[in-house]
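*Asks:* Below you will find the structure I want to go over with you.
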Amino acid sequence: MRTESEPESDADIQSGTDSTLTELESMSSMHSESDSDNQMQSGTESEAEVHPILAFYDSDYKAPFDPEDPETTFEQVMLWTDTELENRHDYIQHLFPIPEVSGANPNAPVLTEEVRDAFIADPELQENMRCAWLMMMAFFGWELATEEMAEDLRVRVGYPVPRRNFRDLAEQSWLQHSNHNQLRITRIIRSMRILGLYEEAQMMTSALMDADEAAQNVVNAETLKIWFDTSIRPVCYPPTFQKDDVPVCDWLLGLGE
């Protein structure tokens, strides 16, 4: 029997070293697997925490609004034709979210305080929404005035002015007594006001009113009133506000006034 003071043999030393290395390798492997699991779990939780509207609008995520169709990212939607914009009914709720559940697409995500705060804090998100607005304005028949246009038409630079084929575009989309694009317009005005594009919402409303007046009041009076009210009324109230209605949710109180 070896006493505590006797040195270990080379075999004992090698055996102890091998044992120690094996134990360290095992522990390292366990830590590596644990770290990997934690990273995967963290990544999953991070993705799950991102609101669908932000994942769609934010260039860091580039998530399609339809998970089953990878061609429905923000960049792809910006390339859609007028025919696609007219016939598809599943995109407008993502481009211009509002706090109310959509009747046409009830499964679409609704606007939350988290999303609103993110848009207000991030100029890139607002600029992307402005691009979406410009696309829809072109679909409805407008473009923004350049310096040359502004001087000729006596409007300020950046104000919506009729495109060359305005009447055809308008009559095919919104310049009718009543149709689904008029509901889209209400949504766009409301969404932009909540998410910080106040000026664009006001310009759009003015352009709509002027164009309808020039066309001798084609749009029904109730819709015109809703557009006007939506552009000036506190955003805590829904578009079809009645005297006895209560605010949609507390976080909208005082916004967009």
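The values are calculated or read from the model by the stated rules, or taken from the named source; none is laboratory data. Small disclaimer: the values here were computed from a predicted structure and weren't measured. Positions of Cβ are generated from backbone atoms using ideal geometry, with glycine treated the same way; all protein chains shown enter the neighbour counts.
*Asks:* Mind checking which pairs have a first residue in the stretch 122-136 that is in contact (Cβ under 8 Å) with a residue 40 or more places away in the chain and a second that is assigned to a helix (DSSP H, G or I) and of a type in the set (Ser, Thr, Tyr), Cβ under 6 Å, 6 or more apart or different chains?
*Replies:* Note: pairs meeting the criteria are 125/57; 128/57.
*Asks:* Restricting attention to the stretch 227-236, which residues are hydrophobic (A, V, I, L, M, F, W, C) and at pLDDT below 95?
*Replies:* Those that are hydrophobic (A, V, I, L, M, F, W, C) and at pLDDT below 95: 232, 235, 236.
*Asks:* Still on this structure, please answer the following. Answer with yes or no whether residue 63 is modelled with pLDDT under 95 and not β-branched (Val, Ile, Thr).
*Replies:* no
*Asks:* State whether the residues of the stretch 142-150 include one that is in a helix (DSSP H, G or I), over 12 Å from the mean Cα position of the chain (by Cα) and of a type in the set (Asp, Glu).
*Replies:* The answer is yes, given that some residue of the stretch 142-150 is in a helix (DSSP H, G or I), over 12 Å from the mean Cα position of the chain (by Cα) and of a type in the set (Asp, Glu).
*Asks:* Can you confirm whether residue 149 is on the phi < 0 side of the Ramachandran plot and at pLDDT below 95? Quick ask: steps written out before the conclusion?
*Replies:* Working: on the phi < 0 side of the Ramachandran plot: yes; at pLDDT below 95: yes.
Taking the combined requirement at face value, the residue satisfies it.
*Asks:* Kindly indicate whether residue 90 is surrounded by 15 or more Cβ atoms within 10 Å (Cβ to Cβ) and among the charged types (D, E, K, R).
*Replies:* Details: surrounded by 15 or more Cβ atoms within 10 Å (Cβ to Cβ): yes; among the charged types (D, E, K, R): yes.
Judged against the criteria, residue 90 is a match.
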